Amino acid sequence: MESNHRGKQSLVFPQPPAVLSYASVAGKKESEGPLRDSFDVVSKDTSFGEKTWEKAETQMQKTAIARALEKADLQESDIHCAYVGDLLNQCIGSTFSMRNNGVPTFGLYGACSTMAESLLLASMSVSGGYAKRALALTSSHFASSERQYRFPLGYGGQRTPTAQWTVTGAGAVILGQQGDGPFIRRATVGSIVDKGIKDAANMGAAMAPAAFETIRAHLDDFSLAPEDYDVIVTGDLGKFGSQLLVDLLEREGIRIGERHEDCGVLIFDIESQDMHCGGSGCGCSASVLCGHLFGRLKKGEINNLLFCGTGAMLSPISTQQGESIPSVCHAVSIHNERG
C-alpha cells in the first residue's frame, strides 16, 4: 500500500475530502466586532437561554450542528463519525451536545488547536474511506472558561497587556467524499513544543514556537513556499504572538508577513473593544474558520488557505504548580480546487 505520509510529520489526502457545509455561532461581544456579518447565528443573550454557562456552551454546539446539517440538507443519521472538543474539564460541552444523537463520536482535547485537530482527523476518516461524512466541531465560552481558569469572575484581577479574551463561539464543519468544495488536500500534525514560558496571561508567546515548528515542517515536508498560499492563518496567537511567529520564521528565511493573519486578531476590533492582544479559546478559530474564512473561499477572494490551529496545553493545576506551558499547532491546507 502506498504511504500517505510525507516528510517528517505531514499527510497527503489522495481523495481530498470536500467541505459539504459549515456553520458558526457567536456571542454578543463577538457580534460587535469586524466579522459580525460572517456568523450564521448570533445571540445577544450570552447564556443562550440556559441556566449555566456550561449549558450555554452545549447549546452553542447544538445550534452549530443543526445549522450545518440544515445547510447540507442532511440529518444526524447521515453523519458517520464526529470529532468534537472544547476547553472544559472532561470536554463536557461537547459530550453533552452529542449525547443520545446516535452519532459515533471521538472526544478531543487540543485546547485552542481543537478545530484544526478535529478537521485533520475528520479528513483522515473521509479520505481513508472510513466515513462517507464526518463532523468536526468545537466551541468555547468566555464565562465557562473563566469559571474554570480564573474563578471567581468578579475578583478584580487586572488583565496584562499580553492577555487575550476567550471567545464565545462555536464552529461546525461537515466533510464528505463528494462535493463542490472547498477541499482538504494536506495536513501537518504538530508536536508538543515547550520553550519554558510560564505566564498564563501570555499564551501567544507560549504558542508561537509551536506554530513556527509546524509551519516550517509543513513547507519542508511538501517542498512548498509561503507564496503557495494566499493566506496562512493561525489560531489565537494574538498581536504579540503573531509578531513573534513572523520574527521566528524570518530568522529561517521564511517570510509570511504579508500573507499571515490570526483569528485572535481578526475577530475583535482590538482597540475599540479593549481586547489587549485579541481573542483566544477553541471557539475563536472555529467561528472565524466556519464563517469569515470559508466565506472568503466560497466567494473566490482566496483559493488556497493554510489553517494552523494553535493550542496552549495548560491547566489550572499545572499553572498553580509553576509548570511551563506546552503548546501544539496542527496545520490543514484548504483549497477551492480538488487538485
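Can you tell me which residues in the range 228-273 are of a type in the set (A, V, I, L, M) and part of a loop (DSSP other than H, G, I, E, B)? If the condition is that a residue be of a type in the set (A, V, I, L, M) and part of a loop (DSSP other than H, G, I, E, B), then LEU237, ILE254, ILE256, ILE267, ILE270 are the ones that fit.
Within the range 258-273, if we keep just the residues that are surrounded by fewer than 24 Cβ atoms within 10 Å (Cβ to Cβ) and touching a Phe, Trp or Tyr at 6+ places or on another chain (Cβ under 9 Å), the residue that is modelled with the highest pLDDT turns out to be ARG259. The residue that is surrounded by the fewest Cβ atoms within 10 Å (Cβ to Cβ), counting only those in the range 166-191 that are in contact with a His (Cβ under 9 Å, 6 or more places away or on another chain) and of a type in the set (D, E, K, R), is ARG185.
Of ALA170, ALA210, all but one fail to be more than 19 Å from ALA312 (Cβ to Cβ) and at pLDDT 90 or above; the exception is ALA170.
Across the range 192-232, the number of residues qualifying as over 22 Å from SER145 (Cβ atoms), surrounded by 23 or more Cβ atoms within 10 Å (Cβ to Cβ) and of a type outside the set (Phe, Trp, Tyr) comes to 5. The residue of the range 217-227 that is nearest to VAL332 (Cα to Cα), among those that are in a helix (DSSP H, G or I) and without any contact (Cβ under 8 Å) to a residue 40 or more places away in the chain, is LEU219.
The values are calculated or read from the model by the stated rules, or taken from the named source; none is laboratory data. Please read these numbers as outputs of a predicted model, since none were measured by experiment. Here the Cβ is made from the backbone with ideal geometry for all residues, glycine too, and neighbour counts use every protein chain on show.
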